[in-house]
Amino acid sequence: MELFTKAQYYNKPEGDDFVGKMVATNKYMLAGAIPAATMDVLMYSHPKGALQTMARYARWIGPAMGMASLFTASAYLACHLRGKDDKINYIIGSCGAAGVFGKAVRNPTLGFQMCVFFSIAACFKKISVEEGWTWFPSTEEVERKHVYGSLKTAKYDWTLIKDTPEKGWTTQRSS
């Protein structure tokens, strides 16, 4: 269980710790595939019975896990065969993942288009790792202060009429 919770793709250099990298990529793909399969079951396909429901989940989770596994295995193998750690390894892995995607949707043209898209995304990811910047900052980097009961930090009072202190018969000004 510790391998599943502690595995990160970039803990070790490219070409090392194949099992850890495989667990890390499949963990993230599983985290995305289960909600997608749930949305499909609840809102689109409406399967009748447990067997059909499991088949719909397998229809989503199987190709997703295959894409993650093939990306990791292809990038790892390319790194070992070529002896280099560069963007070409990620492009090889992303083309393999796009091939699984094209087969899963039964559309080779879409598979090729996703190969181009995945390759561009993989190059950007590799560049971000090499240069040390992130796509999405962590919550520690973006500090938000809890103000006025809002998590979005309301800076201004947007009410139309400001609250005035209540004036009773004892606090009213006499004329």
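General observations
- Yes/no for Lys87 being touching a Cys at 6+ places or on another chain (Cβ under 6 Å), without any contact (Cβ under 8 Å) to a residue 60 or more places away in the chain and not β-branched (Val, Ile, Thr): yes
- Lone qualifier among Lys145, Lys103, Lys152, Lys167 - being of a type outside the set (S, T, N, Q), modelled with pLDDT of 95 or more and over 22 Å from Gly20 (Cβ atoms): Lys103
- The C-beta contact set for the range 94-118 (first residue touching a residue at least 24 places away in the same chain (Cβ under 8 Å), second residue of a type in the set (Lys, Arg), distance under 9 angstrom, 6+ apart or interchain) comprises Ala104/Arg59.
- Residues within the range 89-117 that are surrounded by fewer than 16 Cβ atoms within 10 Å (Cβ to Cβ) and in a helix (DSSP H, G or I), tallied: 8
- Selection from the range 14-39 of residues that are touching a residue at least 12 places away in the same chain (Cβ under 8 Å) and not in a helix (DSSP H, G or I): Glu14, Gly15
- Condition met for Ser69 (more than 20 Å from the chain's Cα centre (by Cα) and modelled with pLDDT of 95 or more): no
For (1) farther than 19 Å from Cys123 by Cα; (2) touching a Phe, Trp or Tyr at 6+ places or on another chain (Cβ under 8 Å), each residue gets a yes or a no:
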site	(1), (2)
Ala37	yes, yes
Lys48	yes, no
Ala55	yes, no
Ser69	no, no
Gly99	no, no
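- Failed item, numbered, when Tyr10 is tested on (1) assigned to a helix (DSSP H, G or I); (2) aromatic (Phe, Trp, Tyr); (3) more than 17 Å from Cys115 (Cα to Cα): (1)
- So Pro47, is it surrounded by fewer than 18 Cβ atoms within 10 Å (Cβ to Cβ) and either in a helix (DSSP H, G or I) or without any contact (Cβ under 8 Å) to a residue 60 or more places away in the chain (or both): yes
- If the condition is being under 17 Å from Lys12 (Cα atoms) and either at pLDDT 95 or above or in a helix (DSSP H, G or I) (or both), then the range 75-86 contributes Ala75, Tyr76, Leu77, Ala78, Cys79, His80.
The values are calculated or read from the model by the stated rules, or taken from the named source; none is laboratory data. Bear in mind the structure is a predicted one, so any value in this text is a computation, not a measurement. Neighbour counts are summed over all protein chains in view; Cβ atoms, including those assigned to glycine, are modelled from backbone coordinates with ideal geometry.
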